[in-house]
Every structure is written in C-alpha cells, then in structure tokens.
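Below you'll find the structure, written out as structure tokens, and then a few comments.
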Amino acid sequence: MLDFNHSSGLAWAADDNIKCPSFTERVSELIDQALSAEHKAQPERDYLGASRLGENCSLKLQYEYTNIPKDKGFSGQTLRIFAAGHVFEYLAIRWLRLAGFELFTEKPNGYQFGFSVADGRIRGHVDGIINGAPEALCLTFPMLWECKSLNAKSWKDTVKRGVSKSKPVYAAQMATYQAYMEGSVPGISKNPALFTAINKDTAELYFELVPFDASLAQKVSDRAVTILKAAEVGELLPRHTADPEHFECRFCAYRNRCWDQLIGEVLA
C-alpha cells in the first residue's frame with residue numbers, strides 16, 4: 001500500500017525552543033540573495049540621474065553622485081518592489097496603447113529616449129513619449145509620459161493634492177525631462193506631460209496633465225551644477241536639516257555616515 005504519511009523531508013529542530021525557517025522563508029532568502037548578487041554586479045552610475053534632482057538633500061545627492069557607500073545596500077524585498085514597479089509600468093503601456101494612445105517607449109535601436117548633458121555627468125531616461133491619442137481628449141503632441149506605481153496611501157494622497165504637492169520629486173523629474181528633451185523632441189516642453197499613477201493595491205488609475213514648469217527645471221538644473229562643482233573640489237554641501245531625527249534623515253541610506261561625520265567635526 002502507498003504510504004501517504006511518510007516524512008516530508010523537511011528538517012525540524014530537536015529543541016522545540018529553536019524556530020527553524022519556514023519553507024517560504026528559505027525560498028525567499030534564496031531569491032533575495034540572487035537579486036542582491038545581480039544588483040551588486042551592475043556597474044555603478046558615474047552621473048547624476050535626472051529622476052533624483054528633486055531630492056531635498058543636496059548632500060545625499062552628492063553622496064549618490066560620488067558613489068559613497070551606503071550604510072547598507074538595498075534589501076532583497078526592496079529590489080523586489082523595484083521589479084514590481086517595472087511590471088506595473090509595462091501594464092500601463094499596454095493599457096494606454098489598447099486605448100488608442102500612440103506611446104513610444106524605445107527608439108528603433110531598442111534604447112530608451114533620454115538625454116545627456118554636462119559631458120555626460122547629468123543624464124535622464126524617460127518612460128515614454130506620446131505622439132497621439134483619441135481625439136476626444138483634445139491633447140497636443142508630443143508629450144512626455146511618466147508612470148509611477150504607488151501603494152494605496154501614497155496614491156490617494158497624490159489624487160487628493162496633485163503630483164506637484166504630493167510628489168515634488170516626480171514634478172522636478174518631469175520638468176527636467178521636458179527641458180532637456182526639447183532639443184531632441186521639439187515641442188515636448190510646450191505640451192503638458194501625462195503623469196500616470198497606478199494604485200498597486202487596487203489597480204486604480206490616476207492621470208494628471210502637468211504643464212512644463214520652467215522655473216522648477218531651472219532650479220533643479222542649477223542645483224545639479226552646484227553638486228558637480230562641489231564634487232570636483234571635494235567640498236561637502238550642506239545637509240537638508242540640522243536635526244538628525246528629521247524623518248528624511250531617519251530613513252536615509254547615508255544616515256550613519258552623514259551624522260557620525262558631523263559628530264566628528266563637532267569634536268574636532
């Protein structure tokens with residue numbers, strides 16, 4: 001007869017007080033280790049990413065640009081969240097195209113649309129460019145397309161307050177893209193960008209037309225130049241806040257390095 005009560009082959013601790021990792025935990029750990037290894041194998045950026053220029057702390061951006069080691073790397077879960085965001089973006093592309101949008105996400109050579117200035121030290125890659133849509137929407141083209149996937153709380157705040165107030169980093173990103181892409185895509189700064197946000201919990205969609213903000217684009221561009229110049233001469237830019245317990249500092253990947261250094265300066 002068949003024995004359906006045989007051992008599953010899983011290892012169990014002889015001491016009931018010792019908790020062994022569950023099967024889910026062990027498989028997840030293997031996946032996270034693989035993702036971390038894959039991420040570490042990627043070459044480090046040697047430029048300022050335009051998507052980051054709206055960040056409040058110039059010192060943090062300087063750390064990123066000069067590849068200062070973080071207190072700790074991205075966790076496997078964080079890398080999975082990043083990957084899931086790409087999946088939502090692919091879905092949004094498909095949905096918009098099905099709805100009649102002429103959305104381009106790659107050049108004929110397979111590369112993303114983007115720009116490179118300041119001898120390649122400032123670069124950006126856009127999610128897409130829209131060159132057509134259903135006439136009933138009365139849109140003008142070409143227009144920048146930017147897509148983000150957000151958790152329910154963040155998504156609702158964006159819907160309530162708009163992207164510029166709720167997500168100023170995204171607003172700065174779009175303004176920078178519109179400004180620098182004008183040279184290769186004439187007219188893209190004259191038309192509003194289409195911001196798309198997907199609620200990762202409910203799949204609800206939010207669309208917002210965001211006019212080009214020239215003053216914001218100039219502000220973040222000037223800031224980028226300041227960061228580049230400071231890095232050239234080895235000058236540390238000021239922190240965003242003088243309070244190490246500020247919420248942005250508490251969650252910053254450079255918190256220990258940044259504030260331990262401040263303590264050293266004070267002691268010196």
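The values are calculated or read from the model by the stated rules, or taken from the named source; none is laboratory data. Being a predicted model, the structure only gives us computed values, none of them experimental. With ideal geometry, Cβ positions are generated from the backbone for all residues, glycine too; neighbour counts draw on all protein chains shown.
Filter region 215-240 down to the residues that are more than 19 Å from TYR177 (Cα to Cα) and touching a residue at least 40 places away in the same chain (Cβ under 8 Å), then identify the one that is surrounded by the fewest Cβ atoms within 10 Å (Cβ to Cβ). Here the residue is PRO238. Would you be able to say whether some residue in region 96-106 is assigned to a helix (DSSP H, G or I), modelled with pLDDT of 90 or more, more than 30 Å from ILE227 (Cβ to Cβ) and not charged (D, E, K, R)? Yes, the conditions are met somewhere in region 96-106. Of the residues making up region 161-176, those that are within 12 Å of CYS147 (Cβ to Cβ) and crowded, with 24+ Cβ neighbours inside 10 Å number 2. Scanning region 46-69 for residues that are out of contact with any Cys (no Cβ under 8 Å at 6 or more places or on another chain) and either among the hydrophobic types (A, V, I, L, M, F, W, C) or more than 23 Å from PRO168 (Cα to Cα) (or both) yields ASP46, LEU48, ALA50, LEU53, LEU61, THR66, ASN67, ILE68, PRO69.
Return the total of residues in region 156-177 being part of a helix (DSSP H, G or I) and within 18 Å of GLU55 (Cα to Cα).
Total satisfying the criteria: 15.
Among all residues of region 185-197, there is none that is part of a helix (DSSP H, G or I), among the hydrophobic types (A, V, I, L, M, F, W, C) and surrounded by 16 or more Cβ atoms within 10 Å (Cβ to Cβ).
Taking region 179-191 as the region of interest, how many residues are more than 21 Å from the chain's Cα centre (by Cα) and either closer than 25 Å to ARG161 by Cβ or basic (Lys, Arg) (or both)? Please lay out each step first, then the result.
Quick first cut of region 179-191, residues more than 21 Å from the chain's Cα centre (by Cα) only: 182-191.
Those left that are additionally either closer than 25 Å to ARG161 by Cβ or basic (Lys, Arg) (or both): 189-191.
Summing the residues that are more than 21 Å from the chain's Cα centre (by Cα) and either closer than 25 Å to ARG161 by Cβ or basic (Lys, Arg) (or both) in region 179-191 gives 3.
Restricting attention to region 69-79, the residues that are surrounded by 15 or more Cβ atoms within 10 Å (Cβ to Cβ) and part of a helix (DSSP H, G or I) add up to 2.
So for region 53-67 (the condition being loosely packed, with under 14 Cβ neighbours inside 10 Å, modelled with pLDDT under 90, in contact with an Asp or Glu (Cβ under 8 Å, 6 or more places away or on another chain) and in a loop (DSSP other than H, G, I, E, B)), does at least one residue qualify? Looking for residues that are loosely packed, with under 14 Cβ neighbours inside 10 Å, modelled with pLDDT under 90, in contact with an Asp or Glu (Cβ under 8 Å, 6 or more places away or on another chain) and in a loop (DSSP other than H, G, I, E, B), one finds none in region 53-67, hence no. With respect to (1) of a type outside the set (Val, Ile, Thr); (2) touching a helix residue (DSSP H, G or I) at 6+ places or on another chain (Cβ under 9 Å); (3) farther than 27 Å from THR241 by Cβ; (4) outside any helix (DSSP H, G or I), the lone exception for GLN33 is condition (4).
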